[in-house]
Amino acid sequence: PEVIPPNGTTIYTLTAINDAGCSALINDTIVVPAIHITASADSLCAGGAAGLTVTGALNPTWSPAASLSSTSGLSVTAFPAATAVYSVNDSISGCYAQDSITIYVDAALIVNAGADQTICHGDSATIAGIVTGGTAPFNYLWTDGSTSLSETVSPAATTNYGLTVSNEFGCSKT
């Protein structure tokens, strides 16, 4: 006999022909239970959360428990502090089924609009933001509409300038 391990639910067909030329057809379906995880987001900003859902499971067990809303159920919420791998397993029809997914977490953005400055009326000052953490490239937006990390300003009166930084992951910090 030939052993062919199925990778998923498979229908095997056997055709037998005897010496008289008569044939018989036999179909046999082999069911291989499989489960699959989907995530509401596979990339998060620091402090974010992702919904995780498993399909094909009956009584799933999730791990690691420390950053999950629950270790059981078809849907849970993950609160990873850093990039993490989440796994789910189940026993279906006596077979062990497992799947995992990686949720990437971007490092926290830290934004500083720079030190306060005092200038005389009619003078200008250069303001420059400082950005650490996060993943470049960054987008910059000052409260006056400028989109560079530093700019020269000449306010007519005392003015507060705020800086918002965002990146391609959608992470933003002011």
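The values are calculated or read from the model by the stated rules, or taken from the named source; none is laboratory data. The shown structure was predicted, so the numbers you read here are calculated from the model rather than taken from an experiment. In this analysis, Cβ positions are derived from the backbone assuming ideal geometry, glycine residues included, and neighbour counts consider all displayed protein chains. Keep in mind that these areas ignore ligands, DNA and RNA; they rest on the heavy atoms of the full protein, side chains included. Shrake-Rupley method; radii C 1.70, N 1.55, O 1.52, S 1.80 Å.
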For the stretch 47-174, averaging the sequence separation of alpha carbon pairs under 8 Å that lie six or more residues apart and dividing by its residue count, the contact order in percent is 18
In the stretch 97-174 the accessible area split gives carbon plus sulfur, as whole percent at 1.4 Å, a share of 50
Residue-normalised value, i.e. accessible area per residue, for the stretch 1-108 at 1.4 Å probe, in Å², stands at 62
Once all protein chains are kept in place, D116 shows an accessible area at probe 1.4 Å, nearest 10 Å², of 150
If one builds a Gaussian network model of the chain from Cα atoms under 10 Å apart, the most fluctuating residue listed among T132, T29, T15 is T15
1/(1 + (r/R0)^6) with r = Cβ-Cβ of N160 and S40, R0 = 30 Å, i.e. FRET efficiency to nearest 0.05, evaluates to 0.25
Along the dipole axis of the chain (charges at Cβ: +1 for Lys and Arg, -1 for Asp and Glu; origin at the Cα centre), the most positive-end residue among A50, L14, I35 is A50
Length gained, S124-T55, 0.36 nm per residue minus C-alpha separation, equals 18.7 nm
Ranked by GNM mean-square fluctuation in the chain (Cα springs under 10 Å), the top entry among A39, A128, A20 is A20
The FRET efficiency for L14 and Y96, from their Cβ-Cβ distance with R0 = 25 Å and rounded to 0.05, is 0.30
Among (i) 27.8, 105; (ii) 15.7, 66; (iii) 29.2, 110, the entry matching Rg and Dmax of the Cα atoms in Å as calculated here is (iii)
